[in-house]
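A.B. asks: Pasting in a structure now, in structure tokens, and then I'll have a few things to ask.
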Amino acid sequence: MSAEARRGAGMTSARTRERLIGRLREQGIRDEETLAALSSIPRHLFVDEALATRAYEDTALPIGHGQTISQPYVVARMTAALRTSGPLDKVLEIGTGSGYQAAVLARLTGHLYTVERVGGLVRAARQRFQALRLANVSVRHGDGCEGWPEEAPYDAIMVTAAARVVPKALFGQLKEGGRLVVPVGVEGGQELLLYRRRGTAMAFERLETVNFVPLLPGGIV
Ligand code: SAH
């Protein structure tokens, strides 16, 4: 049996993934389409081989460059917040990281655009999207604080790094009625906010307390 087959038969099997989905359900994730999307994406392919056996624990894990792949519960919560609040034909993600959240979103959207500032992460994520044959994902190496204006407007935007202040450009790239989910605050005190565009106004509701790495302004690395 190859190493890949052994891993597939053990800690990274479909059954292990289903246990994670069961735990997410218990934690209150009710949106079946979101749960189906999570169960269709093998999270162990988005982390280092050495961490693969921990991929179906409900925890954030390191992905290099001082960054982390988000906790599955948080991925599910943010995905469900966008999916249950309106259309998702065209979606923008800021902070590609490993590409896991983008892959989950890609299952639920017409086209997913995602922006990452660290070049090494962009390259690794692109390879994963190709390996999984996710043809409806476009990745850009750049500063997500500027959004992706050429493809705007979007039905929804998801920011997967914590902003002290939500970058103004992102509000401007939403369609009328479009939603933006974003963690706001500094380390130790972040809240997940769900905004909705109403004309020139942005209304928001608080979803819950979260803990993300910071959204860093500019400076492509
Ligand atoms: N969604 C990712 C987790 C993201 S961690 C996943 O599923 O794995 C946050 C990511 O945001 C990091 O990769 C970090 O490099 C990126 N980031 C931080 N500031 C950014 C910015 N201004 N523009 C684009 N990406 C940024």
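This table checks each residue for (1) in contact with a helix residue (DSSP H, G or I) (Cβ under 6 Å, 6 or more places away or on another chain); (2) touching a residue at least 24 places away in the same chain (Cβ under 8 Å); (3) within 10 Å of the ligand (Cβ to nearest atom).
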site: 122; (1), (2), (3): no, yes, yes
site: 129; (1), (2), (3): no, yes, no
site: 135; (1), (2), (3): no, no, no
site: 154; (1), (2), (3): no, yes, no
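Table: residues versus (1) at pLDDT 95 or above; (2) surrounded by 13 or more Cβ atoms within 10 Å (Cβ to Cβ); (3) not in a strand (DSSP E or B).
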site	(1), (2), (3)
8	no, yes, yes
11	no, yes, yes
15	no, no, yes
28	yes, no, yes
37	yes, yes, yes
51	no, yes, yes
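A.B. asks: Further, regarding this structure: When only residues in the range 137-158 that are part of a loop (DSSP other than H, G, I, E, B) and open to solvent by 20 Å² or more (accessible area, probe 1.4 Å) count, which is farthest from residue 170 (Cα to Cα)? Spell out how you get there, then give the answer.
C.D. replies: Step one: of the range 137-158, the residues part of a loop (DSSP other than H, G, I, E, B) are 142-143, 147-148, 152-153.
Now drop any that are not open to solvent by 20 Å² or more (accessible area, probe 1.4 Å), which leaves 143, 148, 152-153.
Details: 143: 12, 148: 9, 152: 9, 153: 10 Å.
The residue in question is 143.
A.B. asks: Where in the range 65-136 are there helices (runs of 4 or more DSSP H), lying fully within it, with 1 or more residues that are under 11 Å from the mean Cα position of the chain (by Cα) and surrounded by 24 or more Cβ atoms within 10 Å (Cβ to Cβ)? Give the steps one after another, and end with the answer.
C.D. replies: Details: elements: 72-83, 100-106, 119-131.
Result: 72-83, 100-106.
A.B. asks: Cβ-Cβ under 7 Å, sequence separation 6+ or interchain: first residue in the range 186-197 and without any contact (Cβ under 8 Å) to a residue 60 or more places away in the chain and buried (at least 20 other Cβ atoms within 10 Å of the Cβ), partner in a strand (DSSP E or B) and of a type in the set (S, T, N, Q). Which pairs?
C.D. replies: 190/209
A.B. asks: Something else: Here are some residues: 122, 159, 75. Which one is within 28 Å of residue 57 (Cβ to Cβ) and touching an Asp or Glu at 6+ places or on another chain (Cβ under 7 Å)?
C.D. replies: From the options 122, 159, 75, the qualifying one is 122.
A.B. asks: Quick check on the range 181-202: of everything there that is within 15 Å of the chain's Cα centre (by Cα) and within 15 Å of the ligand (Cβ to nearest atom), which residue is nearest to residue 105 (Cα to Cα)? Quick ask: steps written out before the conclusion?
C.D. replies: Step one: list which residues in the range 181-202 are within 15 Å of the chain's Cα centre (by Cα), which gives 181-183, 192-194.
So of that shortlist, the ones also within 15 Å of the ligand (Cβ to nearest atom) come out as 181-183, 192.
Numbers: 181: 13, 182: 15, 183: 17, 192: 18 Å.
Filtering the range 181-202 for residues that are within 15 Å of the chain's Cα centre (by Cα) and within 15 Å of the ligand (Cβ to nearest atom), the one nearest to residue 105 (Cα to Cα) comes out as 181.
A.B. asks: Right, something else. From 182, 166, 210, grab the single residue that is more than 30 Å from residue 42 (Cα to Cα), of a type in the set (A, V, I, L, M, F, W, C) and open to solvent by less than 70 Å² (accessible area, probe 1.4 Å).
C.D. replies: Working: 182 fails: more than 30 Å from residue 42 (Cα to Cα); 210 fails: more than 30 Å from residue 42 (Cα to Cα).
Exactly one residue qualifies, and that residue is 166.
A.B. asks: If you go through the range 169-179, how many residues are buried (at least 21 other Cβ atoms within 10 Å of the Cβ) and among the hydrophobic types (A, V, I, L, M, F, W, C)?
C.D. replies: Total meeting the criteria: 2.
The values are calculated or read from the model by the stated rules, or taken from the named source; none is laboratory data. Nothing here was measured: the structure is a model prediction, and the numbers come from that model. Note that we place each Cβ from the backbone using ideal geometry, even for glycine, and neighbour counts take in every protein chain shown. Accessible surface is based on the protein model in full, side chains and every heavy atom, while ligands, DNA and RNA are left aside. Shrake-Rupley method; radii C 1.70, N 1.55, O 1.52, S 1.80 Å.
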